[in-house]
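Each remark here refers to the structure printed beneath this line.
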């Protein structure tokens with residue numbers, strides 16, 4: 001069996017953690033559930049580790065043990081080729097958005113500077129970001145004008161899809177995986193070695209990329225835990 005790093009997961013034992021625990025151990029790896037992740041376990045110092053869990057857990061543990069988490073550039077989606085988006089997605093700042101862009105889905109480039117979501121008007125948006133500097137970077141996405149018939153997720157490693165799942169609606173798994181892998185391969189230059197790509201399907205436009213997420217904090221949502229293991233290993237950079 002190959003040598004896996006020690007998997008560190010939070011105390012909250014959701015089904016996805018149980019599945020990862022099972023397959024990690026099945027492949028000969030060790031798993032540690034950190035009941036109190038705010039306290040350092042000296043026995044883990046100097047060990048090869050892989051971190052998977054919610055953002056607060058993952059970033060706290062990474063800092064504590066001196067490793068780096070491989071993260072997606074918050075501007076990456078705006079750099080995707082238009083044929084993979086099927087809508088306008090732009091990189092802007094709070095101070096440069098215009099009335100004509102609304103309604104829009106807006107998210108900050110820096111996590112949780114303000115709530116991501118659909119803003120129906122510029123007034124609604126300005127009320128939310130009142131007090132935040134006008135130069136704060138944001139991603140502005142046109143609201144999809146058609147009904148979404150399916151949503152899917154894929155865990156990516158070096159441009160290849162390692163695990164995928166249609167988690168909402170119905171569609172062909174094979175076509176889903178093909179589109180996700182095409183999108184990943186076409187944008188390898190702007191994506192980290194591992195990430196998670198969320199996509200949606202519509203009758204009118206077909207598949208489109210919804211978002212790109214960090215492997216180390218993204219729910220499996222039905223993706224194979226066994227298939228995602230290599231992605232989770234790659235998402236933690238040990239020194």
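Coordinate-derived values only; no laboratory data. Quantities reported herein were computed from a predicted structural model and do not represent experimental measurements. Don't worry about glycine lacking a Cβ; one is built from the backbone with ideal geometry, like all the others, and counts go over all protein chains shown.
Enclosing the Cα atoms of the chain in their convex hull gives a volume equal to 140 cubic angstrom per residue.
Just to compare against my own numbers: the Cα pair-distance distribution for the stretch 55-114, 5 Å bins, whole % per bin, please. So the P(r) values, bin by bin, are 4, 13, 20, 19, 16, 11, 9, 6, 2, 0. For the stretch 88-142, the Kirkwood radius over C-alpha pairs fed into Stokes-Einstein at 4 °C and 1.567 mPa s yields D = 120 µm² per second. For the stretch 1-133, take N as its residue count and report Rg(C-alpha) divided by 2.2 N^0.38 Å. Relative to the 2.2 N^0.38 Å estimate, the stretch 1-133 comes out at 1.43. Over the stretch 6-69, the fraction of Cα-Cα pairs per 5 Å bin, rounded to whole percents and listed from the shortest bin up, is 4, 18, 33, 25, 17, 4. For a quick check, take a GNM of the chain with Cα springs below 10 Å and name the residue from 210, 182, 220 with the largest mean-square fluctuation. For the chain, modelled as a Gaussian network with Cα springs under 10 Å, the answer is 182. Result for the chain in a Gaussian network model with C-alpha springs under 10 Å: among 131, 154, 95, the largest mean-square fluctuation is at 131.
Over the chain, with a Gaussian network built from C-alpha contacts below 10 Å, which listed residue (17, 167, 203) shows the highest mean-square fluctuation? With Cα springs under 10 Å in the chain, the top fluctuation among 17, 167, 203 is at 203. Angle of helix 225-234 to the longest C-alpha principal axis of the chain, folded into 0 to 90 degrees and rounded to 10: 90°.
Here the stretch 146-213 has an Rg and Dmax of 11.2, 32 Å, counting Cα atoms alone. With a Förster radius of 22 Å applied to the beta-carbon distance between residue 47 and residue 221, the computed FRET efficiency rounds to 0.15.
Inter-part distance, the stretch 104-151 to the stretch 210-224, computed on C-alpha centroids, equals 21 Å.
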